[in-house]
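Here's the structure, in structure tokens; my notes come after.
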Amino acid sequence: MTRKIFSLISVLLVAALFLTACGAAAAAEPAAEAPAAEEAEAPAEAPAEKVTVTWWHISTKDPALSDWQKMADDYMAAHPNVNIEITVLENEAFKTKLTTVMQSGEVPDIFQSWGGGTLKEQIDAGLLKDITADLDADGGAWRDTFAPGALAVFSADGKNYGVPWDMGMVGWWYNKDLFAQAGITKTPTTWTEFLEDVQLLKDAGITPISLGEGDTWTGMHIWSYLATRIGGEAAFTAAADRSGSFADPAFVQAGVELKKLIDMKPFQDGFLGANHDEMQATFGNGKAAMELSGQWAPSVQRANAADGVGVANLGMFNFPAVEGGAGDVTDVIGGGNGFAIGKDAEPEAVDFVKYLTSKENQTIIAASGTGIPVVKGAEAGLTDPNLLLVQQSFAAANYFQLYYDQLLPSAMGGIINDSVQKLFAGTATPEEVAAEIEAGAKEQF
Amino acid sequence: MQFFPVAQSREPQKNEADFPRKLKDRLVIVLFLLPALVLFITFVIYPIFRSIYFSTFNWKGFGPAVDYVGLDNYRKILTDTVFLKAIKNVLIIITLSLGLQLPLALILAVMVGRDLPGRSVFRTIFFLPYVLSEVNTAIMWMLLYNADPERGFLNAIMTLLGLQPVAWLADMNIVIYAIFFTLTWKYFGFHMLLYLTGLQNIPKEIEEAARIDGANAVQNFFRITLPLLSSTLKTSVYMSILGSIQQFIIVWVMTRGGPVNASETMATYMYRYGFVRFQLGYGSAVAIIMFLFCMIFSLLYQALTRKPDYLTGL
């Protein structure tokens, strides 16, 4: 026994030594790099002071990965005094790491942001840079290039702290062949028509809707769309600024209407445990007629479909209007990606972001299908007919509602997602769900 | 109980300095321990105290923690029905592990420990799942459990047999058992290996002597093998229970603790609050509670299982 313990301790010690070695090596690396970089550019004798811009993004795959790198390289070639350090992180790792560095007050100069509640928290903690003046310079030359709704996602109290580079929306994607098979000739424009079509699909033996409620946010979008159609912009604004409440009639009614749909059992078997990929797979394999999803849907469907092709005849329609509701059928719920500017960013960082969101670079982003451009004129680069569909719906919207779970602080988003899931599982009534969300809001705001 | 028997045999050689021998030995020990100790303090002890500090704040992770709430987080956690559900689920997993998973591992260990033809092949096969990473395991089982009979292997078999397909991970009453099955598949090989090592340490002579005295196979197993295996069993049970308390990766990847918290464990609950909702103060409090659970269990277990080890006489 003694010998066992002793050998165990030796193993642990050796392991610990390895760890120390790794730690030391990792720590030494950046230190070794820095002087090398300085040396390299000393002979260049650049008149301007050397500036390093740090940029964190989450595009881990091509074409976006190479596109971003090329844009940075081109910019550095044109501005020899600027050195852009790119850190590419996977989505979840990015969020965790960003939180960690923000704790110490060290913020990257440019980083991926979805705007909304998280951005607001960062602003309140004084971690972001106000770039309103940059946008307004030269009579608002930079500001005017953006679609106003998209730009507003990265602002608070009339000040801008970032800019968008992609903005899309959620809508009902549908399989035209399956609709025809069920005898549906036109897409529904009202909630009643929608429920009728669901019944028609069921009667034809087709699963009407694919849903991945294991990932909670997928079903929350149906609920939030209903709330937007019923209560309009006013209901949500009131609930969010606390002059109203999430237990207001609009939100309860949204639950009631959603329950009507759920009670028809329109989802595929096991939808409660399915994740987002499985939802896209079910739809992409032609096993369900509809799904509520965003601009990413066509490509994710393809990626998850068994044949790698997805639905041949794909269409999209706006979330139908609810009779008597305050919201308009053209109002959209969506969101997208942007660049937030860290508090210590040099003017060069802002200038680089200006370059990244130039019409030319936005056209590249559009052409490669990486995103739906937010700069006027760049949509000409869109070649994917499905993305064009989204872009047109988006452009026609009078009111743009950012995703609830992004607009609100992350804790609130989590509470809404988890509460609405109970409706789908049948473990809570619409009133209870609304009350639970309101209770969470009372605590969070 | 001599750690450095070699040092003693060299005693006759005269010490170069007038350094007291014992002190020098101790110095060497301390020096060897130092790197590990520094790491341990930096990455284990310090974070624990840091977590205790944060757990008394309502803190979202941006900037310093300022909103002091005292023990409020703890009060909320311990009265939250979801957390109680998580504890219940952990207890289910522990009970099933001790009742099914470990006996299965023991039976297999006894079987492949014998001189059977091809036993090394079986040993490798049984141990294979443990080598697989947790995430791989979880994704593989998600595919096997898929509710669609055209894509899910288990449901394909069920339909072949004329049974109704089951939505394994979507049914709130089934999901925790489906996850337990995956856990068993993943970890039984590890416990089997522990038992195999234990079995090898049992001297053949004792079993032979028992057989000569007329003990049959069953008596031999219960009277000789099992008691002599007790220290291994202790370790195995200990690791199984601690692992169950901390179970996270497989559950999170497969179900995210859902549907509607049906498969929530303490660790997924902590992650949900800490890194999904970013209520890091609350999440820290959950972590501290988990830490206390583990520590109290460890101390109690140590105290309760201090029975004689038949083989070494300790």
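The values are calculated or read from the model by the stated rules, or taken from the named source; none is laboratory data. As the structure is a prediction and not an experimental result, all values here were calculated from the model. Because the Cβ atoms are built from the backbone with ideal geometry, glycine has one as well, and the counts that use them run over all protein chains shown. Note: areas computed on protein heavy atoms with side chains; ligands, DNA, RNA excluded. Shrake-Rupley method; radii C 1.70, N 1.55, O 1.52, S 1.80 Å.
The Stokes-Einstein estimate for the stretch A:119-166, based on a Kirkwood radius over Cα pairs and taken at 25 °C with 0.890 mPa s viscosity, is a diffusion coefficient of 223 µm²/s.
Note on the stretch B:186-245: Cα-only Rg and Dmax are 13.5, 45 Å. Spatially, the stretch A:392-411 and the stretch B:110-152 are offset by 45 Å when compared through their Cα centroids.
Which value, to two decimals, describes the C-alpha radius of gyration of the stretch A:185-307 once divided by 2.2 N^0.38 Å?
On the way: Rg = 15.5 Å, N = 123, 2.2 N^0.38 = 13.7 Å.
Computed over Cα atoms of the stretch A:185-307, the ratio equals 1.13.
Computed from the Kirkwood radius of its Cα pairs, the Stokes-Einstein diffusion coefficient for the protein assembly as shown at 25 °C and 0.890 mPa s stands at 82 µm²/s.
What is the percent of Cα-Cα separations in the stretch B:57-104 that go past 12 Å?
On the way: 809 of 1128 pairs.
Counting pairs separated by more than 12 Å, the tail of P(r) holds 72 percent.
Sorted largest first, the principal axis extents computed over the alpha-carbon atoms of the stretch B:72-306 equal 65, 51, 25 Å.
When only Cα pairs under 8 Å and 6 or more residues apart are kept, what is the percent relative contact order across chain B?
Values: 321 pairs, mean separation 79.4, N = 314.
Taking the mean separation of contacting Cα pairs over the length of chain B, I get 25 percent.
Highest mean first, the peptides B:211-218, A:429-436 sorted by other C-beta atoms within 10 Å per residue fall in the order A:429-436, B:211-218. Rolling a 1.4 angstrom probe over the stretch B:72-306 with all protein chains present gives an accessible area of which 68% lies on carbon and sulfur atoms. Inter-chain neighbour count for A:121-129: the average number of beta-carbon atoms from partner chains within 10 Å of each residue's beta-carbon is 2. When each of the peptides B:57-66, A:281-290 is scored by the mean number of other C-beta atoms lying within 10 Å of its residues, the order from highest to lowest reads A:281-290, B:57-66. Across q = 0.14 Å⁻¹, the stretch A:72-152 modelled as identical point scatterers on its alpha-carbon atoms has Debye log10 I(q)/I(0) values of -0.68, in the order of the q list. Take the stretch B:72-306 with all the other protein chains still there, run a 1.4 Å probe, and you get 49 Å² of accessible area per residue.
Once you've got the Cα coordinates, tell me which of A:K50/B:K60; A:K422/B:K76; A:K186/A:K259; A:K50/A:K343; A:K442/B:K85 are over 26 Å apart. Checking Cα-Cα distances, A:K50/B:K60 exceed 26 Å.
Charge tally around B:F221: other residues with Cβ under 12 Å, Lys/Arg +1 each, Asp/Glu -1 each, net +2. When peptides A:158-168, A:265-275 are sorted by average Cβ neighbour count within 10 Å, with the highest value leading, the order is A:265-275, A:158-168.
Relative to its residue count, the stretch A:246-342 spans a Cα convex hull of 184 Å³ per residue.
Once the GluC sites (Glu not before Pro) in DSSP loops with at most 16 neighbouring Cβ atoms within 10 Å are cut out of chain B, the longest remaining piece is B:151-314. In percent, rounded to a whole number, the relative contact order of chain A is 23, using alpha-carbon pairs under 8 Å and six or more apart.
What's the buried accessible area, both sides, between B and A using a 1.4 Å probe, rounded to 100 Å²?
Values: alone 19810 and 20030 Å², together 36500 Å².
So the buried area, both faces added, is about 3300 Å².
Any chance you could check the Cα centroid distance between the stretch A:340-364 and the stretch B:227-276 for me, in angstrom? Centre-to-centre (Cα) distance: 45 Å. Across q = 0.11, 0.16, 0.26, 0.28 Å⁻¹, the stretch A:333-397 modelled as identical point scatterers on its alpha-carbon atoms has Debye log10 I(q)/I(0) values of -0.30, -0.58, -1.10, -1.20, in the order of the q list. Taking amide H as placed 1.01 Å from N in the peptide plane, the amide H of A:N83 sits under 5 Å from that of A:V51, A:T52, A:V53, each at least 5 places away or on another chain.
The share of Cα pairs per 10 Å bin across the stretch A:328-445, counted from zero up to the longest distance, runs 12, 26, 29, 22, 10, 1 percent. Overall shape of the stretch B:118-188 was characterised from the C-alpha gyration tensor. The equivalent ellipsoid obtained from it has semi-axes of 25, 15, 11 Å, in decreasing order. Against the empirical curve 2.2 N^0.38 Å, the C-alpha radius of gyration of chain A lands at a ratio of 1.11. How about the stretch A:88-106: which of its residues lose at least 10 Å² of accessible area in the presence of all protein chains relative to their chain isolated, using a 1.4 Å probe? Flagged in the stretch A:88-106: A:E92, A:K95, A:T96, A:T99, A:M102, A:Q103.
Averaged over its residues, how many other protein chain Cβ atoms are within 10 Å of peptide B:134-145's Cβ atoms?
Values: counts 0, 0, 0, 0, 0, 0, 0, 0, 6, 1, 0, 2.
Averaged over the peptide's residues, the number is 1.
Neighbouring Cβ atoms from other chains, within 10 Å of the Cβ of residues in B:57-65, number 6 on average. Overall dimensions of the stretch B:74-173, expressed as equivalent-ellipsoid semi-axes from the Cα gyration tensor (√(5λ), whole Å, largest first), are 31, 24, 13.
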